[in-house]
1. Look at D54 and say whether it is over 19 Å from the mean Cα position of the chain (by Cα) and either among the small types (G, A, S) or open to solvent by 10 Å² or more (accessible area, probe 1.4 Å) (or both).
2. Using the structure shown, decide if A46 is at pLDDT 90 or above and surrounded by 14 or more Cβ atoms within 10 Å (Cβ to Cβ).
3. Which condition number in (1) of a type outside the set (V, I, T); (2) surrounded by fewer than 18 Cβ atoms within 10 Å (Cβ to Cβ); (3) not in a helix (DSSP H, G or I) is the one that D29 fails?
4. Of the residues A101, A83, only one is among the small types (G, A, S), open to solvent by less than 40 Å² (accessible area, probe 1.4 Å) and within 27 Å of Y310 (Cα to Cα); which?
5. Please state which of the following conditions L49 fails to meet, knowing it meets all the rest: (1) assigned to a helix (DSSP H, G or I); (2) in contact with a strand residue (DSSP E or B) (Cβ under 6 Å, 6 or more places away or on another chain); (3) not polar (S, T, N, Q).
6. Go through the residues of the stretch 185-206 one by one and say whether even a single one is open to solvent by 70 Å² or more (accessible area, probe 1.4 Å), at pLDDT 80 or above and in contact with a strand residue (DSSP E or B) (Cβ under 6 Å, 6 or more places away or on another chain).
7. Which of the residues belonging to the stretch 60-79 are at pLDDT below 85 and open to solvent by 30 Å² or more (accessible area, probe 1.4 Å)?
8. Filter the stretch 263-321 down to residues that are hydroxyl-bearing (S, T, Y), modelled with pLDDT of 90 or more and surrounded by 17 or more Cβ atoms within 10 Å (Cβ to Cβ) and give me whichever is nearest to G102 (Cα to Cα).
Amino acid sequence: MKVVKELKGWISGFEEADSLSEEVALSLDFVKEELVTEDEVDELYARALSKIEDLEMKNMLRAEEDKLGAVLKINAGAGGTEAQDWASMLVRMYQRYCEKAGFSVTITNWQDGDDAGIKTATLQVEGDMVYGYLKSENGVHRLVRVSPYNAQGKRMTSFASVFVVPLVDDTIEVEVDPARLSWDTFRSGGAGGQNVNKVETGVRIRYQYKDPDTGEEEEILIENTESRKQQQNRENALRLLKSELYDRELARRRKALDAIEGSKKKIEWGSQIRSYVFDDRRVKDHRTGYQTSDVAGVMDGDIDAFIKAYLMEFGAETGLA
């Protein structure tokens, strides 16, 4: 059914673009006969162009993992309250984007900041081609503004990290070694129901990951406080662990592809990918050069243009066909 749905999506998309193109061609004849205005022709042309560009962007989402959901982990950087407030602003931005795109969002982990904002949050996003669209957000996001938390009203720079991995489903097989896995429980914090802070419903996975190539070991830490039931949190935490392991395997395969070695440096974790300068009314993506003055719109979830610019430039290179 998933294959059929995907094929139907391509067919309907093509038919809509083809129909709009025919309307534009006909309108050019009609305008000569003064049956339609030039403004109406321009409007039809813009609609047809937008639909064709959407199909071109969708064509960039051909990696096997692009069709999956995504796990977004947002961490506040150094800088105390200002950085924690910036991290919470990014969470809101992604929530609004997903709402407009028709994606479902579940908060699986949330740690409040000391005075405001958050220290970290994990969002589980599900929908059509979610990871394909959101993979462009992986990296460090920089905020420059006059801080409301600074008594002198100084301009401050803050950072927050966004880590995006594919959300595995039943079609993806990931091996988890039970011998390397350990669990512990804790009382959930933050907003929640009556059981929050009363029973140990939160779960924490510690997994000793061993790199197959280098042999180096690293601990993967996954926390889940989504449900008031510990068993549900254990199941979802295990799913998040599998998503992390799947992403690492994809990273190994990407590294082996010489064709994308140049772009890999642009998108690797830890690089500053985008700056949000509130005073100058400017948001700029450093990888593609795309920028906009609509800061309020971006913070309200209008990040489609940034995603599109990234996919049109790097989408074909990052596919793992």
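The values are calculated or read from the model by the stated rules, or taken from the named source; none is laboratory data. Quantities reported herein were computed from a predicted structural model and do not represent experimental measurements. Neighbour counts run over all protein chains shown; Cβ positions are idealised from the backbone, glycine included. Side chains are part of the model used for accessible areas, which takes the heavy atoms of the whole protein and leaves out ligands, DNA and RNA. Shrake-Rupley method; radii C 1.70, N 1.55, O 1.52, S 1.80 Å.
1. Numbers: over 19 Å from the mean Cα position of the chain (by Cα): no; either among the small types (G, A, S) or open to solvent by 10 Å² or more (accessible area, probe 1.4 Å) (or both): yes.
When the stated conditions are applied, D54 does not pass them.
2. Working: at pLDDT 90 or above: yes; surrounded by 14 or more Cβ atoms within 10 Å (Cβ to Cβ): no.
When the stated conditions are applied, A46 does not pass them.
3. So the condition that D29 fails would be (3).
4. Numbers: A101 fails: open to solvent by less than 40 Å² (accessible area, probe 1.4 Å).
When all the criteria are applied, what remains is A83.
5. Just one mismatch for L49, condition (2).
6. Residues of the stretch 185-206 that are open to solvent by 70 Å² or more (accessible area, probe 1.4 Å), as a first pass: 187, 191, 194, 197-198, 200, 206.
After this cut, where a residue has to be at pLDDT 80 or above as well, the list is 206.
With the extra rule that they be in contact with a strand residue (DSSP E or B) (Cβ under 6 Å, 6 or more places away or on another chain), the set shrinks to 206.
Yes, the conditions are met somewhere in the stretch 185-206.
7. R62, E64, A78, G79
8. Residues of the stretch 263-321 that are hydroxyl-bearing (S, T, Y), as a first pass: 263, 271, 275-276, 288, 290, 292-293, 310, 318.
So of that shortlist, the ones also modelled with pLDDT of 90 or more come out as 275-276, 288, 290, 292-293, 310.
This time we only want the ones that are surrounded by 17 or more Cβ atoms within 10 Å (Cβ to Cβ), so: 275-276, 288, 290, 310.
On the way: S275: 26, Y276: 25, T288: 26, Y290: 25, Y310: 21 Å.
Per the criteria, the residue is Y310.
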